[in-house]
Amino acid sequence: MAADARLPACDSLLDSVGREDLLAALQKLSPSERQLLDLFFVQELDDEEVGRSLGISAAAARKRKSRVIAKLRGVLLPSTSPLAGGGDRIGGHEPRRRGA
């Protein structure tokens, strides 16, 4: 499956940076970082499920997710952008929480 076909619907981020910019930024991430985003935002797994999939704790999965999102934002958005804020959302999209 093509990389762009697996992207989550992040309309506000896409509106801000454009699809090509997002795809280019994703290519700057390591394969393991892209896998992590895929598990959280495409497959919509929760922290526990991602942790089990990667052989790490849920806390480590959350921490890695925050770091990867921060890295992606740093590539995509200038620090003055209102979309450059923290958190685990990408352009207003947050993974579905299972069992919550």
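The table for this structure:
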quantity: Helices (runs of 4 or more DSSP H) fully within the chain counting 2 or more residues that are modelled with pLDDT of 95 or more; calculated: 31-37, 47-54, 58-76
quantity: Residue selected from the range 27-38 under the condition within 9 Å of the chain's Cα centre (by Cα) and not charged (D, E, K, R), by the criterion nearest to residue 56 (Cα to Cα); calculated: 36
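The values are calculated or read from the model by the stated rules, or taken from the named source; none is laboratory data. These figures come from a predicted structure and were not determined experimentally.
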